[in-house]
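S.K.: Here you go, one structure.
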Amino acid sequence: MKQTVRIDIWSDIACPWCYVGKRRLEAALEALAQQEDAPEVVVEYHSFQLAPDMPEDFPGSHDDYLSGRYGWSADQVAASNRQLQQVGEPLGITFDFATNRIANTRKAHELLHLAKQQGKQPEMKDRLLRAHFSDGVHIGHDDDLADLAAEVGLDRGDVTRALDTGEFAPAVDADIETARRIGVSGVPFFVLDGKYGLSGAQEPQTFLEAIRKVAAEKETA
């Protein structure tokens, strides 16, 4: 019987390695789908904020933020940017740090919960990441988020109302509390079938091996 493997992912839209991890997992799932009797994989994203204290409008650039938060020199910031751009390129990710707008991601996480309710979470997640890291969009403003949501087929009015009322704020809080309870201290963090954790933007082969292991265990249980 074909097995189903569930992957729960805690990540933040403002986390470049979460973007990398998402694309590497997708590469693993594409390879898995080509295999005979491959298990079905169900993916769900969960909220995590690396900087919950971030103001809605950060008064500075991406480089300013890294320098101020981590005490990095200009050379360290430049090296980090180059590394991410080199890692992202073969995955189809364009990291444009010159136009990147630092913002609080809380409302974006609320939007992801609305998108999940309507079966559009994967599309919304990808659009938010691309908007933030490639398109220079402010992902902390309701109007910008509503525009992005409309692009993936969500009703703009529904999005505006949900963000205005904080309808999905409790769901964001619940995700963050679950992360705290299971010991997630950094993202991306992947949990397979509620049993096995993988931390960081792993290579596709690592994801493949983990998925196969979980599916095999379920088959023999």
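S.K.: Given H placed on each backbone N at 1.01 Å, which residues far from Ser134 in sequence or on other chains put an amide H within less than 5 Å of it?
M.R.: Sorted by chain and number, the residues that satisfy this are Asp96.
S.K.: What's the ranking of 43-49, 17-23, 109-115 by average number of surrounding C-beta atoms within 10 Å, highest first? Working shown, then result.
M.R.: Numbers: 43-49: 21.3, 17-23: 22.9, 109-115: 25.0.
Descending mean neighbour count gives 109-115, 17-23, 43-49.
S.K.: Over the chain, what relative contact order in percent results from Cα pairs under 8 Å that are six or more residues apart? Display every interim value, and only then the final one.
M.R.: Working: 331 pairs, mean separation 71.3, N = 221.
The value is 32 percent.
S.K.: For Gln76 and Glu36, what is the calculated FRET efficiency with R₀ set at 35 Å and r taken between the beta-carbons, to the nearest 0.05?
M.R.: Numbers: r = 47 Å, r/R0 = 1.35.
E between Gln76 and Glu36, to the nearest 0.05, is 0.15.
S.K.: If amide H atoms are built 1.01 Å from N in the plane of the peptide, which residues on other chains or at least 5 residues away come under 5 Å of the amide H of Val41?
M.R.: Val5
S.K.: Per residue of the range 143-157, what does 6.51 cos²θ - 1.76 cosθ + 1.60 with θ = phi - 60° give for ³J(HN,Hα)? Whole Hz please, x for Gly and Pro, Karplus curve as stated.
M.R.: 4, 5, 5, 5, 4, 5, 4, 4, 4, 9, x, 8, 6, 4, x
S.K.: Now for a separate question. Greater than 23 Å separation of Cα atoms is the criterion. Which listed pairs, Lys22/Lys213; Lys2/Lys116; Lys125/Lys218; Lys125/Lys213; Lys116/Lys213; Lys2/Lys125, meet it?
M.R.: Details: Lys22/Lys213 20 Å; Lys2/Lys116 25 Å; Lys125/Lys218 29 Å; Lys125/Lys213 27 Å; Lys116/Lys213 27 Å; Lys2/Lys125 28 Å.
Result: Lys2/Lys116; Lys125/Lys218; Lys125/Lys213; Lys116/Lys213; Lys2/Lys125 exceed 23 Å.
S.K.: Can you work out ³J(HN,Hα) from phi for every residue in the range 159-174, in order, using Karplus 6.51 cos²θ - 1.76 cosθ + 1.60 and θ = phi - 60°, giving whole Hz and x for Gly and Pro?
M.R.: Result, ordered by residue: 5, 4, 5, 5, 5, 5, 8, x, 3, 9, 4, x, 5, 5, 4, 5 Hz.
S.K.: Another question, if that's okay. Can you work out D for the range 38-80 in µm² s⁻¹ from Stokes-Einstein, where Rh is the Kirkwood radius over C-alpha pairs, the temperature is 25 °C and the viscosity is 0.890 mPa s?
M.R.: 184 µm²/s
S.K.: In whole Å, what are the Cα extents of the range 4-220 along the three principal axes, biggest one first?
M.R.: Here the spans come out as 55, 43, 33 Å, largest first.
S.K.: Sticking with this structure for a sec: Could you give each residue of the range 123-130 its phi-based ³J(HN,Hα) in whole Hz, using Karplus coefficients 6.51, -1.76, 1.60 with θ = phi - 60°, and x for Gly or Pro?
M.R.: 5, 5, 4, 5, 5, 5, 4, 5
S.K.: Helix-only estimate, please: 222 nm mean residue ellipticity of the chain, summing -39500 (n - 2.57) across DSSP H runs of length 4 or more and dividing by its residues, to the nearest 500.
M.R.: So the calculated ellipticity at 222 nm is -17000 deg cm²/dmol.
S.K.: Nearest 5 percent is fine: what portion of the DSSP beta bridges confined to the range 4-220 is antiparallel? Show your work: numbers first, answer last.
M.R.: Working: 8 of 16 bridges.
Roughly 50 percent of the DSSP beta bridges within the range 4-220 come out antiparallel.
Every number here is computed from the coordinates shown, using simple stated rules; none is lab data. Everything quoted here is computed from the prediction, not taken from an experiment. Note: ideal-geometry Cβ built from the backbone for every residue, glycine included; neighbour counts use all protein chains shown.
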